[in-house]
Structure formats: structure tokens, C-alpha cells
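Since the structure comes first, as C-alpha cells, the remarks are kept for the end.
The values are calculated or read from the model by the stated rules, or taken from the named source; none is laboratory data. Keep in mind that this is a model prediction, so the values were computed, not measured. Cβ placement follows ideal geometry from the backbone for every residue including glycine, while neighbour counts extend to all protein chains displayed. For accessibility, only protein heavy atoms count, side chains too; no ligands or nucleic acids. Shrake-Rupley method; radii C 1.70, N 1.55, O 1.52, S 1.80 Å.
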Amino acid sequence: MNAKFLAYLVKRLLMALLTIFLVIAITFFVMHAIPASPFSSEKAKSDAVIAALEAKYGFDKPVPIQFLNYLKNILHGDFGLSTGWIGNTVAELIMGGFSYSARIGFTAGLIAIVLGVILGSIAALRRDRMLDKVIQVLTTALVSMPSFVMATLLLLLFALQLNWLPSMGNQPGGLILPVISLALYPMAYVTRLQRSSMLDVLGQDYIRTARAKGVKNSGVIFKHALKNTLTPVITYAGPMMAYILTGSMVVENIFSVPGLGRLFTNSMLRTDYMMIMGVTIFLATMIILMNFLADILYKVIDPRIDLG
Amino acid sequence: MTEKKMKNPLSLQIDPALFETASEEEKAQQVTMRESVSFMRDAMRRLRKNRIAMISLWVILLVALIAFIVPTFYPYTYTKQDVTAQNLGPFQYSAKEQMKIDKGMSVFPHIMGTDNLGRDYAIRVIYGTRISLLVGIFSALIVIVIGIIYGSISGYFGGRVDMVMMRIVDIIYSLPDVLIVILLSVAIKDWVSTSQNALIARLGAGMVSIFIVFGLLYWVSMARQVRGQILSIKKQEYVLASRAIGATPARIIRKHMIPNCVSVIIIIAAMQIPSAIFTESFLSFLGLGVSVPMPSLGSLASDARTALRSYPYQLIFPALSIFLIVLSFNLLGNGLRDAFDPKLRN
């Protein structure tokens, strides 16, 4: 923890906070550029009722003041009231959905990283042999499949045709298919990263030195190589988070999981602007924080990297 | 005469009398040996040797040909509904069409069947493919134009201009792009549906917001790479060397800057295409993409979910198409990277 690292940490943190602020500002002003009031779509409401509702939700004040209020409320964890699910606050709804999404997303991310690192290392160690080629073909195919194609094909095959697993998220074992659908793409991506990074490290001089002084093959791989191959995988943590969070929007809809992604798409259908803003800001903050953590971890793990 | 040479055998003084003129044949040999291979031609040669990349290229060209030519003469349109021919399987005929065939009239087969409104599915998949290709190509163009201009200005001026421009890029880079695409498409949905502009109304909110977001956000990695290339090439020893032997700036730009940037531009543009296609299909799947009745591979797959058990082929066809397109672009992108990245050259 030297001064240079601390300076980097502070700089990176300020950058992350600035980005979060920008996301809040973009979200707020984009949503407020919509001419329609969130209440005007519903029929049988007089102008007086709409005005009363708007006053209740604070929509009648000038936009900059609304923005400052909104910002202040967010800092207190208050994302406003939902207009699509009357009687609920946005924060409650987000937390309710997030408990599902976090479970699926965390499991999927863990599976993706563990399996990806293992498969990638195997492919690199068996370079140009049959196993390597099989892994390469599979991962190339998997990264060419959008999440909705993966999820619907899995649903069709394992739930509808073979009847091995339930098709709905609320049934026992119902979260297995959503987790697999979310995990396959990042797993394939991590595998490719790990393969090339392992090949790169195995060609380094210190590996040759270790072999020359008689370290066993397993020792070379586990003690010397593996640790150094993990840095590219860490940098992928942020993008993986983004993939899993946005991917869960389609996957949760396909498997009817009451998570954050489904909540988000439903709030679009109900034109619940407070919800859309709240979820966007929440998801964006998660992604930005993950990127921040990954960047810091990257520098901690590999001190050779220049703290520019 | 030989006295001088005897004194110092290492003398560099040469005696023209000892030389003989080259024959025409020898001159010709020199000429052929001197023929240099330009960077582009060299890269294209390597690309042509890459079998997987070439197959992908041909697949893409074939798919593009089908997507743009077939609708001009195909007997069905993507909007024409036929209530007597709902949810037919591939190559099935409705009772009405069967009667026509029995009378000896010819009926064009529904190669991929029909959907729940009796629209021919093959032409809808073809139109969806066309949308995907258009999104991919236009987004690559947007990224190339903005990225190159921004990146080269930043790299060329350097110093404070570069610092400010790159800070902006850093911030844009850290914005979660897919979320912003979704946000924009939600926001401009109203505006698009009431728009007087026929093109915008036909494209739909998702498409318009995709293009806006590509214009605003997606060019940053291209700008970063181009700027990095220009900065690093400026400092390379071979640039210094060629300047030392009297190369003009024009020659340095032509021979060193452009070829090195071209590789990066081609590689990044090729990687951009599949990610753009992903984003469009994702939005269409969520119902934010193209406006009905225009089909997209994402919206076709989404519609197929309602009767997945009974008509699985309605999912399989669009799913396969998008997989084939993205896979081909990915493999071609890998091939281009191998062919154009000079660091990997043997």
C-alpha cells in the first residue's frame, strides 16, 4: 500500500463516482425528455386527477429541481414510488428482484470462471491436440450464440422435449436452466482468455527456468504458471457482470424468474418511469463498481503493471 | 597498379576495370527479386490461405446475396397474411393451396412453414437476416468514421488535447452501453411511433436508438486503438530510420502510419459487427427493436416462444440464422486479426 497505489485508488474511485453520476444524469434527463406523463396513458382520469398524481410524485416542479431532489433521495436509498406497482417503493421492488437475480448471476459467474479457467488451461496444455480443438470449436460456437438463443434452445431441449428439468423458475430445480443459460457464454469467453494467457505464460523464461531446475510438471503449472495466467480473467469480471445482468433480462423472462431483469422488462411494459430509472441506475452502478473492483484487484495481483 | 592493393588488401578503393557489365538476363533477375509485396497484398495472401476465414467470408457473401436478392422475386411478402394457412410446418400446404395443386396450378412451397398469422416464414427469416446484416454493417461504418477522426486528431496533436480527449473516451468507455441503448429505446419509442419520417417509423425505436448509441458510445475502442497506433508509430525506430535516410513525411504516412492503422481499423470493425448484431437481436427480443410487422431475428425468436412446444421450428430457423451470421463474422474477424496483425507475422 504505497502512496502511488493510494493515489491510483483515489483517482479510480473518483472516476467511478463520476461515471455513476453521469449515468444518473443521463437516465434522469432522457426519461424526462419523454413528452407523455406516466399517468396520461391510463384512461378515465381527469386532468385534475393527473395533476394531483403528478403533484404527489413531485412531477410538477421544474426539471432541474426534480433532478436535485432525485439525486438527494438516491443518496438516501430512496428511488421514489413505483407507478406500475402502486403501493410499492422502487427500492423495495429492486431489492425483491435482486435477491433472485443475484443468486442466479453469482452462481452463473462462479461457474463461468471456474470452468473457464479449467477448460482454458487444459486446452493450452494439450495445445493443437484433439481435446484442444474440441474445446476451441465449442467455445467459438458458444460465443456466437446470443443469450436468448441459448436460453430458448435449452428450454426447448431439456424442459419441453426431454422433460429433464422444469421450465419455470419457481419449480424445484427451476433455476438450473437459467443459470446454465447465463453461464455458457462467459464460460466460453473465459476459456479463450485463459487458453491464450496460459500459452503466453508457458512460453516465458521463468517457466523454462523452473523446468530446468527440475520442478515437476504439476508444480510448474500450479505454483508458477496458474497465478500469472489469471490477470486477463480478472479484467473480464466487469464485462462479465454487464453480460450477466443484461442477459438476465431475457433469461428471466424465458424461464419466468421474478428477478430484476424481468422486473425491468415489465416496468417498460407498464411505462413505470420511476422503476425504469431506478433499475437502470442500480444495474449501471453494479457494473461500474465491478469494473472498479476488477481494476484495483488487477493492480494488486500484478505489481508489474504500471500505475499510470 | 597492383602495388596499391598489395599494400593494403582491405582497401576499399575499387578498380572499375575488374567489373564486367551485367547481361540482360541478370538484370531481369534483379528486377524480379526486387519486387516487393505491399502490406495489404501480403495480408490478403495470408487471409486467403486461412481456410476457415475464407469459408466464413463466402458464407457471409452468400447470406447477404440471399437476404438482398431473394425478396425481389419471392412470391410471398413478409406482411401478407393468409388465415387459411396458419402455423404450417416446412413444405406443408394449407387445404386451399392443396386444392389449387390438385387443379394443376403451381403453388410455391413454404420452405420454413408459416407463422400464426399465416405469413410465409422463410421470407420473414430472410428479412430478419437482412436487418441483422444492415445493423452490423452500418454500425461498423459509424464506428469507423467517428473512431478514426477522433482517434487520429487525439494522436496527432498529443499533449493536452490528447489528454482531454482521452479522458472523455475513458468516461464513455465505462458507461454500460446496453443499458443506455435500452433506456434510449424506451424514451424514443413514443417519438418514433408518431414520427412523420417514414424511414424512422419503419425502422422502429430500437433501430434508431441503436444507431444513436453506436454514434455516441461504441466508437471509443476504435478511437483508442487508432490514437494508440499513431502515437506509438510516431516514436518507432523504423520511422526515425526512414526519416534519417531522407523519407518525406508523406512517405512515412503512406508507408508506415496508414498500413499500421488499417490493420487495427479492419480488426476492430470486424469485431464490431457481431456485437452490433447481438445488441439488435437482444432489443428486438425484448420488444424494443424493429416495429411490427417488420421482422427481426430477435423478434421472430421471441414470438416463437408462445407456441414453442407445438412449433419448435419457428424458433429453430431464426436461431440458426443468427448463429450462422454471428459465427461467420466471428471466424472472419479472427482470420482478419491473424492476417492483419503484423506482430503475429512469421
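One line per residue, one yes/no per condition, for (1) among the acidic types (Asp, Glu); (2) touching a helix residue (DSSP H, G or I) at 6+ places or on another chain (Cβ under 8 Å); (3) open to solvent by 50 Å² or more (accessible area, probe 1.4 Å):
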residue	(1), (2), (3)
A:Leu269	no, no, yes
A:Tyr273	no, yes, no
A:Met277	no, yes, no
A:Thr280	no, yes, no
A:Ala284	no, yes, no
A:Ile288	no, yes, no
A:Asn291	no, yes, no
A:Ala294	no, yes, no
A:Asp302	yes, yes, no
Inset, instruction - Determine if the stretch A:138-148 includes at least one residue that is open to solvent by 60 Å² or more (accessible area, probe 1.4 Å) and at pLDDT 85 or above. - result: yes
Legend entry - Failed criterion for A:Phe158 (all others in (1) more than 21 Å from B:Pro312 (Cβ to Cβ); (2) in a helix (DSSP H, G or I) hold): (1)
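Here's the yes/no breakdown for (1) more than 26 Å from B:Thr279 (Cβ to Cβ); (2) surrounded by fewer than 15 Cβ atoms within 10 Å (Cβ to Cβ):
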site: A:Met95; (1), (2): yes, yes
site: A:Thr107; (1), (2): no, no
site: A:Gly174; (1), (2): yes, no
site: A:Pro178; (1), (2): no, no
site: A:Leu184; (1), (2): no, no
Inset, instruction - Collect the residues in the stretch A:228-250 that are touching a Phe, Trp or Tyr at 6+ places or on another chain (Cβ under 8 Å) and either open to solvent by 20 Å² or more (accessible area, probe 1.4 Å) or farther than 21 Å from A:Thr280 by Cβ (or both), keeping them in residue-number order. - result: A:Thr231, A:Ile234, A:Thr235, A:Tyr236, A:Tyr243
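Filter the stretch B:98-118 for residues that are among the aliphatic types (A, V, I, L, M) and in a loop (DSSP other than H, G, I, E, B); which is surrounded by the most Cβ atoms within 10 Å (Cβ to Cβ)?
We begin by selecting, within the stretch B:98-118, every residue among the aliphatic types (A, V, I, L, M); these are B:99, B:101, B:105, B:107, B:111-112, B:117.
Among the residues that remain, those that are also in a loop (DSSP other than H, G, I, E, B) are: B:105, B:107, B:111-112, B:117.
Working: B:Met105: 9, B:Val107: 14, B:Ile111: 16, B:Met112: 22, B:Leu117: 15.
Of everything passing the filter in the stretch B:98-118, B:Met112 is surrounded by the most Cβ atoms within 10 Å (Cβ to Cβ).
Take the residues in the stretch B:313-328 that are open to solvent by 20 Å² or more (accessible area, probe 1.4 Å) and not small (Gly, Ala, Ser); name whichever of them is farthest from B:Ala43 (Cα to Cα). Please lay out each step first, then the result.
Kept after step one, since they are open to solvent by 20 Å² or more (accessible area, probe 1.4 Å), are these residues of the stretch B:313-328: B:313, B:316-317, B:320-321, B:323-324, B:327.
Cutting the leftovers down to not small (Gly, Ala, Ser) gives us B:313, B:316-317, B:320, B:323-324, B:327.
Numbers: B:Tyr313: 41, B:Ile316: 37, B:Phe317: 35, B:Leu320: 31, B:Phe323: 27, B:Leu324: 25, B:Leu327: 22 Å.
For the stretch B:313-328, the residue satisfying everything is B:Tyr313.
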Legend entry - Answer residue from the stretch B:329-346, given it is more than 9 Å from every other protein chain (Cβ to nearest Cβ) and open to solvent by 30 Å² or more (accessible area, probe 1.4 Å) and is modelled with the lowest pLDDT among those: B:Asn346
Inset, instruction - Scan the stretch A:1-28 for residues that are modelled with pLDDT under 85 and either under 14 Å from A:Ile276 (Cβ atoms) or open to solvent by 50 Å² or more (accessible area, probe 1.4 Å) (or both) and jot them down. - result: A:Met1, A:Asn2, A:Ala3, A:Lys4
Legend entry - Some residue of the stretch B:277-297 being at the interface with another protein chain (Cβ under 8 Å from one of its Cβ atoms), of a type in the set (Phe, Trp, Tyr), more than 20 Å from the chain's Cα centre (by Cα) and open to solvent by less than 50 Å² (accessible area, probe 1.4 Å): yes
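Kindly establish whether B:Ser310 is open to solvent by less than 10 Å² (accessible area, probe 1.4 Å), touching a residue at least 40 places away in the same chain (Cβ under 8 Å) and of a type in the set (Gly, Ala, Ser).
So B:Ser310 does not fit the description; no.
Condition check: within 13 Å of chain B (Cβ to nearest Cβ), of a type in the set (Lys, Arg), in a helix (DSSP H, G or I) and out of contact with any His (no Cβ under 7 Å at 6 or more places or on another chain). Does A:Arg208 satisfy that? Spell out how you get there, then give the answer.
On the way: within 13 Å of chain B (Cβ to nearest Cβ): no; of a type in the set (Lys, Arg): yes; in a helix (DSSP H, G or I): yes; out of contact with any His (no Cβ under 7 Å at 6 or more places or on another chain): yes.
Judged against the criteria, A:Arg208 is not a match.
Take the conditions touching a residue at least 60 places away in the same chain (Cβ under 8 Å), in a helix (DSSP H, G or I), under 18 Å from B:Val125 (Cβ atoms) and out of contact with any strand residue (DSSP E or B) (no Cβ under 6 Å at 6 or more places or on another chain) and apply them to B:Phe317. Does it pass? Reasoning before the result, please.
Values: touching a residue at least 60 places away in the same chain (Cβ under 8 Å): yes; in a helix (DSSP H, G or I): yes; under 18 Å from B:Val125 (Cβ atoms): yes; out of contact with any strand residue (DSSP E or B) (no Cβ under 6 Å at 6 or more places or on another chain): yes.
When the stated conditions are applied, B:Phe317 passes them.
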Legend entry - Residue that is most open to solvent (accessible area, probe 1.4 Å) [pool: residues in the stretch B:164-180 that are in contact (Cβ under 8 Å) with a residue 40 or more places away in the chain and facing chain A (nearest Cβ under 7 Å)]: B:Val178
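Do the conditions hold for B:Ala67, that is, is it small (Gly, Ala, Ser), at pLDDT 85 or above, closer than 21 Å to B:Gln314 by Cα and surrounded by 15 or more Cβ atoms within 10 Å (Cβ to Cβ)?
Working: small (Gly, Ala, Ser): yes; at pLDDT 85 or above: yes; closer than 21 Å to B:Gln314 by Cα: yes; surrounded by 15 or more Cβ atoms within 10 Å (Cβ to Cβ): yes.
Yes.
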